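What follows is one structure encoded as structure tokens, with my remarks underneath.
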Amino acid sequence: MTLSLALRTPPPGRVDASVLTPERLRGRGAREVSAMTLSCGRLRLPLGELFDVVGTGGDHLFVAGDLRSIDGIGHGMATGHIVVDGSCGDHLGAGMSGGEILVDGDVGAWAGAEMRGGHLTIRGNAGDRLGGAYPGTRAGMSGGEIVITGDAGQEAGAGLRRGLVAIGGRSGAGAGLRMLAGTVIALGGVGAEAGMGNKRGSIASGAPVRLLPGYTFAVRYAPPALRLQLRQLKRRYLPVDDMFLTGQWARWSGDRTELARGEILIFDDGE
Amino acid sequence: MTEASTPTGSFTLGDTEVSDTFAEAFPMRYARLIITAATKEWAHEAARSATGFATSVIGCKCEAAIECPLTRTPDGRPGVSVLLFAMDREGVGKRVLDRVGQCVLTCPTTACFDGLPDAERRVALGSSLRYFGDGFQASKVVSGERFWRIPVMEGEFLVVESVGVGTGVGGGNLVIGGADAARALGAAQAAVDAVRDEGVALPFPGGIVRSGSKVGALTSSSMPASTNHQFAPTLRAQIDDSLVPDGVGAMYEIVIDGMSEDKVREAMRRGLHAAAGAGAALVTAANFGGGLGEFHFPLTELRDPP
């Protein structure tokens, strides 16, 4: 069963749509869903005022329109599939523990923040703190995979504990900030101050990086685990050039201000 | 000692006489390893090393062989799949750990993956081998599967955390006779070429064993196995129960372990018809009277070509 929501009217302000997950809408018909309310500042708006609702809630949820003011789609979801046709707001899939979200468009900040499992695929750009930790929390993502084809904002993968954040384009400054483990890949390269406070995490940059002084060069080699990760990503909408699969990467160990068990791998296939 | 069942008759395939008897086989547990490397030569080198001294569970504690070369592998490099059989899951676990640790981890450029990712029963591999990393090892979860990166002098050895264990069949066999050793070996080699396929392993050298055995011994109660004297041509005039007919001067056995009863049966069918086509004088099978093995493969049921 599929439930389809098409945005009819731009909302008067930012809307908290964290109710939009397959499990919260399962078994509900179009009329019942239309009667549900969403928070918009101090207002409670019936969902039916904003969206055209068709179908019955099940494993699949389809949301379409200019959703840049709609926050929290798929927040905390554990199962099912959400397809978003259009750009959407902040906190997409934050805290999700399972299921899959596919977005055809850009997403705002905090997408996949503190997610624990599942797959988040974005065919577009993402805002700041992709897969990051909320203020006051030490650990960000603790499982699952985020794949975006475009660029990411600042501090992607901040506090990452487990899981994968893969960026087809560039990531902004501070990627992998205070990451504990897990992997951040940015095929277009990572911005300044990548891997600050990194304990055991892996950051892979497809372009040269100006590294923090806490990192020390180790070797140029072909990392087998990264090759495996990139091959898997290639199957999930991320175009990965073959040169990244077969070429050499420079391994820098750090951050020496922490455990120095982390690494930044920089694509370096030149002589 | 367990007596073999004496063939009750025969049928012919071309000029080849096929005994009306059966092969007797046993349930075994197995693992399937995917070994990759920078070149197919290094992948084969690791696989050959890992499957060495693994002809029989009686003497080697496991039976293992290269299953087939692979064109599609998890890391996209040349690869080989290996099947390893033992009598129980614990046996599979110990042998896999030993052999990957000594023969694959040590081999240049290799990585090791699980060939049975959907199997529920599993044995530890990378989760134990990681300690070779002396605290410098690191893990990565890729698409839900955990791998270990063990630092080595060349770079890193990548190995999957655990491998699946399946229930298969061990001990399917064909015994192929010829007028002399050269012709018997030629027919056996043709059979081996036909038998080798996905899902089966031929653990003996080149897939062929010249020293087929029987359970126990005539002269000792402590011997777990001894020569299958009934198939020894030199003893034909010396014993009353020889199974070597007139016109047969040498015999070879092909032992077939498979991922399922059907895999073994169809492998035997391919081998039987290939041997007959290659000029075998006789094709028969080894059994232990039928009382030991759960699986029986009558040669009469393999009369139709594959």
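Every read-out reported here was derived from the displayed coordinates using simple, explicitly stated rules and does not represent laboratory data. Predicted model only: the values in this text are computed from it and were never measured. Please note: Cβ atoms are built from the backbone with ideal geometry, for glycine as well, and neighbour counts cover all protein chains shown.
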Derived scalar couplings ³J(HN,Hα) [segment A:119-135; Karplus, 6.51 cos²θ - 1.76 cosθ + 1.60; whole Hz; x for Gly, Pro]: 10, 10, 10, 10, 8, x, 9, 10, x, 6, 6, 4, x, x, 9, 6, x
Computed E for B:ASP15/A:VAL19 - FRET, C-beta separation, R0 56 angstrom, nearest 0.05: 0.10
Overall form of segment B:29-166 per C-alpha gyration tensor (a/c, 1.5; a/b vs b/c): rounded
Along chain B, longest interval not containing exposed chymotrypsin sites (Phe, Trp or Tyr not before Pro), exposed being DSSP loop plus at most 16 other Cβ atoms within 10 Å: B:137-306
Cα-based Rg and Dmax for segment A:90-271, where Dmax is the largest Cα-Cα distance (Å): 14.5, 45
Cα long-axis angle, helix B:40-50 against chain B (0 to 90 degrees, to the nearest 10): 70
Ranking of B:MET87, A:MET179, A:MET96, B:MET259 by count of other Cβ atoms within 10 Å, fewest first: B:MET87, B:MET259, A:MET96, A:MET179
Acute angle (nearest 10 degrees) that the helix A:224-234 long axis makes with the longest principal axis of chain A, alpha-carbon atoms: 30
Angle between chain B longest axis and helix B:261-277 axis [Cα atoms, degrees, rounded to 10]: 50
Residues whose placed amide H lies under 5 Å from that of B:THR21, excluding near-sequence neighbours: B:LEU299, B:THR300
Summed side-chain charge close to B:ALA267 - residues other than B:ALA267 whose Cβ falls under 13 Å, Lys, Arg +1, Asp, Glu -1: -3
Per-residue Cβ neighbour rank within 10 angstrom, fewest leading, A:LEU228, A:LEU20: A:LEU228, A:LEU20
For B:69-75, mean number of other protein chain Cβ atoms within 10 Å: 2
Karplus (6.51, -1.76, 1.60) ³J(HN,Hα), θ = phi - 60°, over segment A:73-79, in Hz, Gly and Pro reported as x: 4, x, 4, x, 5, 10, 7
Cα-based Kirkwood hydrodynamic radius, segment A:1-81, one decimal, Å: 12.3
Under Karplus coefficients 6.51, -1.76 and 1.60, residue-wise ³J(HN,Hα) of segment B:242-253 in Hz, glycine/proline x: 4, 9, 9, x, 4, x, 10, x, 7, 9, 10, 10
Distant-in-sequence amide H partners of B:PHE157 (H built 1.01 Å from N, under 5 Å): B:ILE150, B:VAL152
Extension reserve of the B:ALA182-B:SER260 stretch, reckoned as 0.36 nm per residue once the Cα distance is removed: 24.8 nm
Ranked list, fewest to most other Cβ atoms within 10 Å of each Cβ, for A:ARG210, A:ARG220: A:ARG210, A:ARG220
Relative intensity, log₁₀ I(q)/I(0), of chain B from a Debye sum that treats every alpha carbon as a point, q = 0.08, 0.10 Å⁻¹: -0.38, -0.57
For the protein assembly as shown, alpha-carbon Rg and Dmax in angstrom: 30.8, 104
Amide H contacts of A:VAL147 (H built 1.01 Å from N, under 5 Å, at least 5 apart or other chain): A:LEU120, A:THR121, A:ILE122, A:ALA166
Neighbour cut-off at most 15 other Cβ (10 Å), DSSP loop, trypsin sites (Lys or Arg not before Pro), segment A:1-103: A:ARG8, A:ARG42
Neighbouring partner chain Cβ atoms per residue of B:139-150, average, 10 Å criterion: 5
Antiparallel %, DSSP beta bridges [both residues in the protein assembly as shown], to 5: 65
FRET efficiency for A:ARG261 and A:TYR237, using Cβ-Cβ distance with R0 set to 25 Å, rounded to 0.05: 0.20
